Amino acid sequence: MCGIIGIIGKKNACKIALNVLKNLEYRGYDSAGLAYAQNKKLHTLKAIGKLKELYSKYEIIENEVKNVTLAIGHTRWATHGKVVIENTHPILSENIAVVHNGIIENHDNIRSQLKNKNVVFETSTDTEVIPHLLSVSIKNKNNFFNACISVINKIEGAYAFAAIESSKNEIFVARKTSPLVLGLGDGFNIVGSDAQSISHLVSEVIYLNDGDYAVLTESEIQIFASDNNKVEREKINIKSNINFLNKDGFRHFMEKEIHEQPNVLINTIGSLIKEEKDLNIFPEKMNIKNNYGITLCAAGTSHYAAMIGKYWIERFSSIPVNVELSSEYRYRSPAASMYSSMIVISQSGESIDTLMAMREAKRLNLTTTVITNVENSSIDREADYSIYTHVGPEVGVASTKSFTSQLIILLSLAMKLAFNNNKISIKKYLDFIKSLKLIPSFLSKILSLNENFMNLAQAIKNSHNILYLGRGILYPIALEGALKLKELSYIHSEGFAAGEMKHGPIALIEDGLPIIMFLASDGMEEKSISNLQEAIARGGKVFVISDEKNFGKISFIENKVLIPSFQGNWNDIFSPIFMSIPAQLIAYHVARERGTDVDQPRNLAKSVTVE
Ligand code: AGP
């Protein structure tokens, strides 16, 4: 993770870099720093904690640095070395400063070699080998540019870095796997970890290809491919979305993003529907074939979306679906001959585990598709085919609107496959399309139950352990509810398939243990209710979020929230989309009550770009 920025040729470079770091804070917020060149001397400014700490330090020197035109900056998600000032980037060696995102996997080896040359290390970071290698190379009579190339040839791993030398009016940047975007300004140039972060400053950007490196001066950008040949890369016009950091009156971005689902999912659904008669989903482009299976692959919340996708696709189209965790797929030597297509799901389009899994699938000759929210993200650029969720930037670290939009796309894919395979009639297909359009307003109804989830949150906020249960298609929602709660409130919570309780987890139940069940009206509710009885008999404090149709069956349960039934025949099928809202609201309100940092929970980052 980590966010990096470099700017050259514009006054107030430090302030501009700080503002860009604000946009990159989602990538890590353990500490932040700047390095800038003034009168050919290098200076740094560093602070532990959120960016506001660095802003405070900056205010003290603001007047002195107004004329600075060359700066690099970094917001850190610690990998190597504790969160202390010494390990805060930029990392220096003599008159060289480096900001780095990713991991230098062979840093131990390089460190030993450099120590043998009497180089003294001052940080515990893997990054520090880069500036030292540069210094050593320059001492050996290489110029800065050649020294940078020699470093690229030595370091291994996934990285993006920017380096400056105090006497040179240039920024050297390189990327391998981790993202890096160059922005072409009027009389200045800039580099950042994503396009959004610099979109208020430039209208044209260049995405570096994997393995590219580049030199930025105030008037020119030169790009080189990994074979060292100079290359031109496409310039892309971007729209500025400076309002993405606006909470619109909500207390937190997460709260805003939960409540804006009815609005933004209209975009997702709009992009899927073709003249009310068909869906803009093209299984042939995804190389989905009836006698082969599909692999769905993702991490975290996106992985739970994949699990639900499996239920839908297999149920409606009978095409076998294999669900994989991205972090496992790449290294487990998967047997892929039964599969023709891999669909990866990634809100950010940057999760390195998912990117690597997708590369592995390509190596195994699978056609790759990504479902993502971020156009031009690394995964989007490498996938054979892309489907966008169109829900706008998601700032809160916890996935909310991106999850429900992923579900809508997966369900639409399932229905399209079912229709193509004559598993559903045209009537049912058209009815699905019609019903899809009703989802946003229906979600508003569920959101209007907010107070009920606030009360539920009050009741569980002081618990140390919480269980979530769901059956069938709501089992992944139990997993998602538990993940949301643990990442936001730091309460230990686990999700289980209701039917699995008796196979072990029931041993956890003791007097007063909160158990939250998501209950559909899908013909399986009696079995789930029996599981609840078993939990109550052992002292569990049960809370049920249920389709209102189950009202009579769960009258014995004191703590329940009834979700209105969706009109027509789609209630049970749509239930994971509907039940996502309670899962999100419960986690949000518990975190708010406990006073944790809702939008930037400890130890997490929005975009996970390290393995
Ligand atoms: C969700 O709330 C998490 N922050 C996390 O699990 C996330 O879903 C996961 O890291 C995958 O991210 P991606 O969708 O951007 O690839």
Requested in this report: Would you work out if segment 115-179 is rounded, prolate or oblate? Take a ≥ b ≥ c from the square roots of the eigenvalues of the alpha-carbon gyration tensor; rounded if a/c is under 1.5, else prolate when a/b is larger than b/c, oblate otherwise.
Outcome: oblate
Query raised in the report: Quick one: of the DSSP bridges fully inside the chain, what percent are antiparallel, nearest 5?
Result: 60
Query raised in the report: Using a simple spin-label model with points 7 Å from Cα along the Cα→Cβ vector, what separation in nm is obtained for Asn421 and Gln567?
Result: 3.1
Query raised in the report: Once the piece of chain linking Glu314 and Lys239 is laid out straight, how much longer is it, given 0.36 nm per residue of separation minus the C-alpha distance between them?
Result: 23.1 nm
Requested in this report: For Lys437, go through the aspartates and glutamates and keep the ones whose alpha-carbon is under 15 Å away, minus same-chain ones fewer than eight residues off.
Outcome: Glu275, Glu276, Asp278
Query raised in the report: In debye to the nearest 20, how big a dipole does segment 153-254 give about its Cα centre with +1 on each Lys and Arg Cβ and -1 on each Asp and Glu Cβ?
Result: 340
Report task. Order the peptides 129-135, 493-499, 379-385, 226-232 from the highest to the lowest mean number of other Cβ atoms within 10 Å of their residues. Result -> 129-135, 493-499, 379-385, 226-232
Query raised in the report: Taking the C-alpha atoms of segment 507-611, how large are the radius of gyration and the largest Cα-Cα span, Dmax, in Å?
Result: 16.6, 49
Query raised in the report: Placing +1 at every Lys and Arg Cβ and -1 at every Asp and Glu Cβ, with all other atoms neutral, what dipole size does the chain have around its Cα centre, in debye to the nearest 20?
Result: 180
Query raised in the report: In deg cm²/dmol and to the nearest 500, what is the mean residue ellipticity at 222 nm of the chain if only DSSP H runs of at least 4 residues count, each as -39500 (n - 2.57), divided by the residue total?
Result: -11000 deg cm²/dmol
Report task. Using the number of other C-beta atoms within 10 angstrom as an exposure proxy, rank Tyr468, Tyr339 with the fewest first. Result -> Tyr339, Tyr468
Report task. Could I have the simple spin-label model distance between Glu220 and Ala537, label points 7 Å from Cα toward Cβ, reported in nm to one decimal? Result -> 8.1
Query raised in the report: Fully extended, how many nm does the chain gain between Glu62 and Glu156 (0.36 nm per residue separation, minus their Cα-Cα distance)?
Result: 30.1 nm
Query raised in the report: With θ set to phi - 60° and the Karplus curve 6.51 cos²θ - 1.76 cosθ + 1.60, what are the ³J(HN,Hα) couplings of segment 217-230 in order, to the nearest whole Hz, using x for Gly and Pro?
Result: 10, 5, 10, 8, 10, 10, 10, 10, 7, 5, 8, 6, 7, 5
Report summary line: Rh_Kirkwood(the chain) over Cα pairs, Å, one decimal, evaluates to 25.6
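Rounded if a/c is under 1.5, else prolate if a/b is larger than b/c, else oblate: which is segment 3-237, with a ≥ b ≥ c the root eigenvalues of its Cα gyration tensor?
rounded
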Query - Charge dipole (debye, nearest 20) of segment 3-237; +1 at Cβ of Lys and Arg, -1 at Cβ of Asp and Glu - result: 480
Requested in this report: Could you list the GluC sites (Glu not before Pro) in segment 256-290 that lie in coil according to DSSP, counting only those with at most 13 other Cβ atoms within 10 Å of their Cβ?
Outcome: Glu275, Glu276, Glu284
Report task. Report the calculated FRET efficiency for Thr596 and Ser441 (r = Cβ-Cβ distance, R0 = 45 Å), to the nearest 0.05. Result -> 0.90
**Report entry** Phi to ³J(HN,Hα) by Karplus 6.51 cos²θ - 1.76 cosθ + 1.60 over segment 305-318, Hz, x for Gly, Pro
**Finding:** 4, 4, 4, 5, x, 4, 4, 5, 5, 5, 5, 8, 10, 6
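Any chance you could run the full-extension gain for Asp278 through Glu328? It's 0.36 nm times the residue separation minus the Cα-Cα distance, nm to one decimal.
14.4 nm
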Query raised in the report: Going toward the positive end of the dipole of the chain, with +1 on Lys and Arg Cβ and -1 on Asp and Glu Cβ, which of Phe574, Val83, Ile152 do you reach last?
Result: Ile152
Query - Among the listed pairs Lys274/Lys549; Lys247/Lys310; Lys154/Lys176, those beyond 23 Å (Cα-Cα) - result: Lys274/Lys549; Lys247/Lys310
Report summary line: Here, Gln458 and Lys362, labelled 7 Å along Cα→Cβ, have an inter-label distance in nm of 5.3
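The numbers here are math on the coordinates, done by the rules we state, and not lab data. Remember, it's a predicted structure, so these values are computed and weren't measured experimentally. A quick note on method: Cβ atoms are made from the backbone with ideal geometry, for glycine too, and the neighbour counts reach across all protein chains shown.
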